(Lines give C-alpha, C1' and ligand atoms only; values in the text may rest on other atoms or scores of the structure.)
Protein backbone atom coordinates (compact mmCIF):
# COMPACT_ATOMS: atom_id res chain seq x y z
CA UNK A 1 0.00 0.00 0.00
CA UNK A 2 1.27 3.45 -0.92
CA UNK A 3 0.47 6.43 1.29
CA UNK A 4 -1.58 9.09 -0.54
CA UNK A 5 -2.11 11.60 2.25
CA UNK A 6 -3.26 12.21 5.80
CA UNK A 7 -5.79 14.34 7.58
CA UNK A 8 -7.17 14.95 11.03
CA UNK A 9 -8.85 11.56 11.41
CA UNK A 10 -6.80 9.21 9.32
CA UNK A 11 -4.29 8.35 6.65
CA UNK A 12 -5.30 7.43 3.10
CA UNK A 13 -3.47 4.69 1.21
CA UNK A 14 -3.64 3.34 -2.32
CA UNK A 15 -4.45 -0.38 -2.19
CA UNK A 16 -5.38 -3.17 -4.57
CA UNK A 17 -8.72 -4.97 -4.34
CA UNK A 18 -7.69 -8.26 -5.94
CA UNK A 19 -11.15 -9.86 -6.09
CA UNK A 20 -12.37 -7.05 -8.38
CA UNK A 21 -9.03 -6.22 -9.99
CA UNK A 22 -9.10 -2.54 -9.10
CA UNK A 23 -7.16 -0.02 -7.08
CA UNK A 24 -8.98 1.73 -4.25
CA UNK A 25 -8.23 4.38 -1.66
CA UNK A 26 -8.31 3.09 1.92
CA UNK A 27 -8.71 5.56 4.77
CA UNK A 28 -7.33 4.18 8.03
CA UNK A 29 -8.29 5.80 11.32
CA UNK A 30 -5.36 7.14 13.30
CA UNK A 31 -4.73 5.10 16.43
CA UNK A 32 -7.83 5.88 18.48
CA UNK A 33 -6.67 4.06 21.62
CA UNK A 34 -10.24 3.33 22.65
CA UNK A 35 -11.58 6.82 21.83
CA UNK A 36 -15.18 5.71 21.27
CA UNK A 37 -16.30 9.17 20.04
CA UNK A 38 -13.62 9.18 17.32
CA UNK A 39 -14.47 5.61 16.34
CA UNK A 40 -18.17 6.53 16.18
CA UNK A 41 -17.44 9.56 14.00
CA UNK A 42 -15.38 7.38 11.65
CA UNK A 43 -18.15 4.76 11.45
CA UNK A 44 -20.69 7.53 10.78
CA UNK A 45 -18.53 8.84 7.94
CA UNK A 46 -18.64 5.43 6.27
CA UNK A 47 -22.37 4.95 6.88
CA UNK A 48 -23.24 8.35 5.43
CA UNK A 49 -21.01 8.05 2.40
CA UNK A 50 -21.90 4.46 1.47
CA UNK A 51 -25.57 5.49 1.17
CA UNK A 52 -24.76 8.22 -1.37
CA UNK A 53 -24.48 7.90 -5.12
CA UNK A 54 -23.68 11.01 -7.13
CA UNK A 55 -21.11 11.57 -9.90
CA UNK A 56 -19.45 14.38 -7.92
CA UNK A 57 -19.09 12.53 -4.60
CA UNK A 58 -16.37 9.98 -3.82
CA UNK A 59 -18.01 6.54 -3.58
CA UNK A 60 -17.46 4.29 -0.59
CA UNK A 61 -17.29 0.56 -1.31
CA UNK A 62 -16.79 -0.99 2.12
CA UNK A 63 -15.75 -0.29 5.69
CA UNK A 64 -14.70 -2.40 8.60
CA UNK A 65 -12.56 -3.07 11.59
CA UNK A 66 -9.75 -5.57 12.04
CA UNK A 67 -8.69 -5.68 15.68
CA UNK A 68 -7.96 -2.01 16.45
CA UNK A 69 -7.66 -0.97 12.80
CA UNK A 70 -10.71 0.90 11.45
CA UNK A 71 -10.81 1.43 7.66
CA UNK A 72 -12.97 2.70 4.80
CA UNK A 73 -12.38 1.50 1.22
CA UNK A 74 -13.43 4.03 -1.39
CA UNK A 75 -13.11 5.07 -4.98
CA UNK A 76 -9.56 6.01 -5.95
CA UNK A 77 -9.59 9.36 -7.74
CA UNK A 78 -6.41 9.71 -9.79
CA UNK A 79 -5.53 13.39 -10.11
CA UNK A 80 -5.13 16.32 -7.76
CA UNK A 81 -7.05 18.43 -5.28
CA UNK A 82 -8.74 21.74 -5.95
CA UNK A 83 -6.27 23.29 -3.47
CA UNK A 84 -3.28 22.16 -5.57
CA UNK A 85 -4.98 23.27 -8.76
CA UNK A 86 -5.63 26.73 -7.29
CA UNK A 87 -2.01 26.98 -6.12
CA UNK A 88 -0.75 26.11 -9.63
CA UNK A 89 -3.29 27.90 -11.79
CA UNK A 90 -4.79 30.91 -10.00
CA UNK A 91 -6.55 32.90 -11.20
CA UNK A 92 -8.78 30.11 -12.42
CA UNK A 93 -10.25 30.45 -15.91
CA UNK A 94 -14.01 30.84 -16.35
CA UNK A 95 -14.14 27.75 -18.57
CA UNK A 96 -13.08 25.79 -15.44
CA UNK A 97 -14.93 27.79 -12.79
CA UNK A 98 -18.43 27.67 -14.26
CA UNK A 99 -18.61 23.89 -14.77
CA UNK A 100 -16.85 23.33 -11.43
CA UNK A 101 -19.35 25.52 -9.59
CA UNK A 102 -22.23 23.72 -11.34
CA UNK A 103 -20.81 20.30 -10.42
CA UNK A 104 -20.20 21.17 -6.78
CA UNK A 105 -23.57 22.93 -6.42
CA UNK A 106 -25.27 19.83 -7.85
CA UNK A 107 -23.46 17.58 -5.38
CA UNK A 108 -24.35 19.87 -2.46
CA UNK A 109 -28.00 20.02 -3.55
CA UNK A 110 -28.02 16.20 -3.69
CA UNK A 111 -26.58 16.03 -0.16
CA UNK A 112 -28.98 18.59 1.24
CA UNK A 113 -31.99 16.85 -0.34
CA UNK A 114 -30.96 13.84 1.74
CA UNK A 115 -30.43 15.88 4.90
CA UNK A 116 -26.62 15.61 4.83
CA UNK A 117 -24.42 18.55 5.77
CA UNK A 118 -20.76 18.02 4.78
CA UNK A 119 -19.49 20.65 7.28
CA UNK A 120 -15.91 20.66 5.96
CA UNK A 121 -16.09 21.66 2.31
CA UNK A 122 -12.83 23.31 1.28
CA UNK A 123 -10.43 23.07 -1.68
CA UNK A 124 -8.31 20.24 -0.19
CA UNK A 125 -11.49 18.12 0.14
CA UNK A 126 -12.43 18.50 -3.52
CA UNK A 127 -10.63 16.05 -5.79
CA UNK A 128 -10.14 16.61 -9.52
CA UNK A 129 -9.68 13.45 -11.56
CA UNK A 130 -7.22 13.31 -14.43
CA UNK A 131 -10.23 13.55 -16.75
CA UNK A 132 -11.42 16.76 -15.03
CA UNK A 133 -14.28 15.37 -12.91
CA UNK A 134 -14.65 17.06 -9.51
CA UNK A 135 -15.55 14.91 -6.49
CA UNK A 136 -16.26 15.95 -2.92
CA UNK A 137 -14.35 13.80 -0.43
CA UNK A 138 -13.81 13.48 3.34
CA UNK A 139 -17.15 13.18 5.09
CA UNK A 140 -15.49 12.90 8.52
CA UNK A 141 -17.48 15.83 9.90
CA UNK A 142 -20.68 15.22 7.94
CA UNK A 143 -23.94 15.09 9.79
CA UNK A 144 -27.37 13.84 8.83
CA UNK A 145 -30.34 15.95 9.90
CA UNK A 146 -31.90 14.52 13.04
CA UNK A 147 -28.91 12.32 13.87
CA UNK A 148 -27.20 12.17 17.22
CA UNK A 149 -24.60 14.88 17.70
CA UNK A 150 -21.04 13.65 17.56
CA UNK A 151 -19.60 17.01 18.46
CA UNK A 152 -19.43 18.64 21.85
CA UNK A 153 -21.38 21.86 22.30
CA UNK A 154 -19.01 24.79 22.11
CA UNK A 155 -16.29 22.82 20.34
CA UNK A 156 -14.84 23.72 16.97
CA UNK A 157 -14.35 21.07 14.32
CA UNK A 158 -13.21 21.39 10.76
CA UNK A 159 -10.38 23.31 9.31
CA UNK A 160 -9.57 26.72 10.60
CA UNK A 161 -9.46 28.98 7.57
CA UNK A 162 -5.87 29.96 8.26
CA UNK A 163 -4.61 26.40 7.73
CA UNK A 164 -5.34 26.44 4.00
CA UNK A 165 -4.58 29.47 1.91
CA UNK A 166 -3.68 29.80 -1.72
CA UNK A 167 -0.04 30.63 -2.17
CA UNK A 168 0.66 34.32 -2.71
CA UNK A 169 0.74 35.28 -6.35
CA UNK A 170 2.86 38.05 -7.86
CA UNK A 171 1.09 41.38 -7.77
CA UNK A 172 -0.54 42.45 -11.01
CA UNK A 173 -0.61 45.93 -12.26
CA UNK A 174 -4.04 47.45 -12.24
CA UNK A 175 -5.25 50.62 -13.83
CA UNK A 176 -8.66 52.05 -13.07
CA UNK A 177 -11.12 52.14 -15.92
CA UNK A 178 -12.41 55.50 -16.95
CA UNK A 179 -15.80 56.14 -15.42
CA UNK A 180 -18.67 57.99 -16.89
CA UNK A 181 -18.71 61.53 -15.57
CA UNK A 182 -21.79 62.58 -17.51
CA UNK A 183 -24.62 63.71 -15.27
CA UNK A 184 -28.17 62.69 -15.92
(request) Return only the number of the condition from (1) under 14 Å from the mean Cα position of the chain (by Cα); (2) closer than 16 Å to residue 9 by Cα that residue 64 does not satisfy. (result) (1)
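Residue under question is residue 57, and the condition is that it be over 19 Å from the mean Cα position of the chain (by Cα) and either within 18 Å of residue 139 (Cα to Cα) or at pLDDT 90 or above (or both); does it hold?
On the way: over 19 Å from the mean Cα position of the chain (by Cα): no; either within 18 Å of residue 139 (Cα to Cα) or at pLDDT 90 or above (or both): yes.
So residue 57 fails the test.
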(request) Return yes or no: is residue 40 surrounded by 12 or more Cβ atoms within 10 Å (Cβ to Cβ), over 16 Å from residue 135 (Cβ atoms) and modelled with pLDDT under 90? (result) yes
(message) Within the range 49-124, considering only strands (runs of 3 or more DSSP E) that don't extend past its boundaries, which have at least 1 residues that are on the phi < 0 side of the Ramachandran plot and surrounded by fewer than 12 Cβ atoms within 10 Å (Cβ to Cβ)?
(response) 60-66, 69-75
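Would you call residue 81 under 14 Å from the mean Cα position of the chain (by Cα) and either closer than 26 Å to residue 110 by Cα or in contact (Cβ under 8 Å) with a residue 40 or more places away in the chain (or both)? Can you show your working first?
Values: under 14 Å from the mean Cα position of the chain (by Cα): yes; either closer than 26 Å to residue 110 by Cα or in contact (Cβ under 8 Å) with a residue 40 or more places away in the chain (or both): yes.
Considered against the rule, which asks whether it is under 14 Å from the mean Cα position of the chain (by Cα) and either closer than 26 Å to residue 110 by Cα or in contact (Cβ under 8 Å) with a residue 40 or more places away in the chain (or both), residue 81 comes out as yes.
The values are calculated or read from the model by the stated rules, or taken from the named source; none is laboratory data. On a predicted model such as this, the values are computed, not experimentally measured, just so you know. When we count neighbours, we look across all protein chains shown, and the Cβ atoms used for this are built from the backbone with ideal geometry, even at glycine.
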